[in-house]
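The values are calculated or read from the model by the stated rules, or taken from the named source; none is laboratory data. Remember, predicted model here, so these are calculated numbers, not experimental data. All Cβ positions, glycine included, derive from the backbone under ideal geometry; neighbour counts span all protein chains shown. Note: areas computed on protein heavy atoms with side chains; ligands, DNA, RNA excluded. Shrake-Rupley method; radii C 1.70, N 1.55, O 1.52, S 1.80 Å.
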Amino acid sequence: MTNGRDMIPQKQIDRRIQEFVEACRAQGIKTTNQRMEILQELARSEQHPDAESLFLGVRKRLPSLSLDTVYRTLRLFEERGIITRVGSIKERARFDANTKRHHHFICTQCGLISDFYSETLDRLKPPSEVEAVGTTDTVYIELRGICNACQAQKRAQS
Ligand SMILES: [Zn+2]
Ligand SMILES: [Zn+2]
């Protein structure tokens, strides 16, 4: 499992941005300066940020940007399948720039959402019981628990 607080290599950020641009083109979405700044801010983060923290980051470069624009832009990208929204313990929606197949570990204490990769989980077939509910196109696993940093903090306190 990768530590969600690690820095992402520039090459990977560039690849993510390139994929976003291609996806926008394929979908006929204009890659305006504002939209690109928001996507770049998201691509740079491994933290699955919410709209407000993206807004605070982008506003440093685009002071005229409004939080409402960030919400609308994220919603557009999400509707077109360019980014994904992540279920979170705290009710605020968080967004994911990682377009590679992955799963999440969520810390119920600090809200950390960390990506991890598992071929075993990728191979999981949806159980037949789910057919009564609908047709599955992706199996995505969300694990919840206490992250190592929170555990270390707890140990230090006791
Ligand atoms: Zn934690
Ligand atoms: Zn993720």
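Tabulated values for the structure
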| item | result |
| --- | --- |
| Charge dipole of segment 10-157 about the Cα centre (unit charges at C-beta), most positive-ward option of Met36, Val21, Leu74 | Met36 |
| Structure-based [θ]222 nm, the chain - -39500 (n - 2.57) summed over DSSP H runs of at least 4, per residue, nearest 500 | -12500 deg cm²/dmol |
| Exposure ranking of Arg144, Arg15, Arg123 by accessible area [1.4 Å probe, largest first] | Arg123, Arg144, Arg15 |
| Calculated P(r) of the chain - Cα pairs past 24 Å, % | 41 |
| Rounded percent of accessible protein surface that carbon and sulfur make up, segment 10-157, 1.4 Å probe | 50 |
| Per residue accessible area of the chain, 1.4 Å probe, in Å² | 63 |
| Within the chain, longest stretch free of exposed chymotrypsin sites (Phe, Trp or Tyr not before Pro) [DSSP loop, at most 16 other beta carbons within 10 Å] | 1-116 |
| Area of Glu41 that stays accessible when all protein chains are in place (1.4 Å probe, Å², to 10) | 40 |
| Solvent-accessible surface (1.4 angstrom probe) belonging to Lys30, in square angstrom, nearest 10 | 150 |
| Average Cα contact separation per residue, the chain, under 8 Å, 6 or more apart, as relative contact order % | 21 |
| By accessible area with a 1.4 Å probe, ligands and nucleic acids excluded, highest first: order of Ser45, Ser64 | Ser64, Ser45 |
| Accessible area (Å², 1.4 Å probe, nearest 10) - Asp14 | 80 |
